[in-house]
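The structure appears below as structure tokens.
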Amino acid sequence: MSRLLAPSQAWLFGRGVDLSVFAGSALVSVALVLAAPALGAAGETPPWAWLLLVVGVDVAHVWSTLFRTYFDGEEVRRRPALYAIVPLAAYLAGLGAYLVSPATFWRLFAYTALFHFIRQQYGWVALYGRKARVSSTERVLDAAAIYAATLGPVVWWHAHLPRAFWWFVEDDFLAGLPPGVGTAALVAQGAVLTVWVGYQGARVLRGDGLQVGKGLLVLATAVTWFGGIVLAQDDFTFTVMNIVLHGVPYFALLLRYARGRLEEGGYGTLAPLVRTGLPGFLGVLLVLALGEELLWDKLVWHERPRLFGEDGVWLSPEVLALVVPLLALPQATHYLLDAFVWKPGREPALLARLGWAPRGRDGSPASTPGESRVTHPGAAS
């Protein structure tokens, strides 16, 4: 056993949390898909699953970025230009795209979201590698494994459009790739993952041990992306596989960060709320997520009268061009800010707040070689 397991597993949050949020998310996703017929969820995502997964996980995790950014007055004062320019730029880009056509807006939005989802999985595996101080060769292989696990199914999807599901709206992805390209992408995916598995086996043989957390992360990513895209036959399967592994680990990250920031005396008048822990954290996010979806339904979609009532507002195309990019702004801001706010090289205290480095007297971490440039899952570095 000592040769099998690495001397230091380099868990990101701790053994139990890592196993729960990465492997656990994938297992829950698979279990929900297998139980779909019994749950009455085969086909279109039913209302209960939409509330639980789309509102409770996907939309809520978008709003959780507030605990890293706008909920922290000191943080906003430290970088006021960033927090003013990013939402403004996101809105203007969305408005410009929507004025070209609604289809252009949703296509741009879908590909931005896709990039964000892929980069988050890469960021997690990069964190594992950096904490364990793996070789440059292994870092390259880890990145290749994650990109293969995500891009393989995505390319296959583009070569087999239309499907029974889509990212945001129908036809938001570009069609036209020959089916053979999709098959080749899956073959390449299998080859890359085989090489990666072989390298992990070689680690064990030479006595370096196995990073269980990282291995489960790559496995979970491969299972959920392949299952949720290639094997999926309905919207429910895609929704479950797409959302849970993306949102749940992000909750863990933000909750850990909020606790660390609270220890420094952060959040001001919001400190009592953060001090309540998980109930207060999730409660605020659920209220915000439900409020956002209420506005989407009342002003744009008009699809869920049982949940939000019949009295919607029907807007003209000209007004929708202003409203839709505004409603999409929380999500767009989340995508963009994630590329800036998780850079420990520029903000050393970040590692200490996350519990990944000891605190100095000033609250900053006592940096160790190999950990000063950790890349966060949302960072497009």
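A short reminder: the numbers here are calculations on the coordinates, not readings from a lab. Owing to the predicted nature of the structure, the values given are computational and were not obtained by experimental measurement. Here the Cβ positions follow ideal geometry from the backbone for every residue, glycine too, while neighbour counts run over all protein chains shown.
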Item to complete: Have a look at 111, 199, 98 and report the one farthest towards the positive end of the charge dipole of the chain, computed about the Cα centre with Cβ charges (Lys/Arg +1, Asp/Glu -1).
Response: 199
Item to complete: Highest first, please rank the peptides 70-78, 272-280, 114-122 by the mean number of other Cβ atoms sitting within 10 Å of their residues.
Response: 114-122, 70-78, 272-280
Practice prompt. Sequence neighbours fewer than 8 away in the same chain don't count; with that in mind, list the aspartates and glutamates whose C-alpha is under 15 Å from residue 343.
Written response: 75, 371
Discussion item. Charges at C-beta only: +1 for Lys and Arg, -1 for Asp and Glu. How large is the resulting dipole of the chain about its Cα centre, in Debye rounded to 20?
Written reply: 1740 debye
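Shape of the stretch 1-124 from its Cα gyration tensor (a ≥ b ≥ c, root eigenvalues): rounded if a/c is under 1.5, otherwise prolate when a/b > b/c, or oblate?
oblate
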Response to the item:
Within the under-13-Å Cβ sphere about residue 278, not counting residue 278, Lys/Arg +1 and Asp/Glu -1 give a net charge of +3
Worksheet entry | Answer label for P(r) over Cα pairs in 20 Å bins from 0, in percent (calculated), chosen among [x] 23, 47, 26, 5, 0; [y] 30, 60, 9, 0; [z] 26, 59, 15, 0 | [z]
Discussion item. Need the list of lysines near residue 214 for cross-linking: C-alpha distance under 16 angstrom, and skip anything on the same chain fewer than eight residues off.
Written reply: 131
Worksheet item: Quick one: if the Förster radius is 41 Å, what FRET efficiency do residue 35 and residue 188 give, using the C-beta to C-beta distance and rounding to 0.05?
Response: 0.80
Worksheet item: Once Lys and Arg get +1 and Asp and Glu get -1 on their Cβ, which of 73, 317, 51 lies farthest toward the positive end of the dipole of the stretch 15-353?
Response: 73
Worksheet item: What net charge is computed for the residues neighbouring residue 212, neighbours being all others with C-beta under 9 Å from the C-beta of residue 212, Lys and Arg scored +1, Asp and Glu -1?
Response: +1
Fill in: Taking 157, 301 and counting other C-beta atoms within 10 Å, the order from fewest to most
301, 157
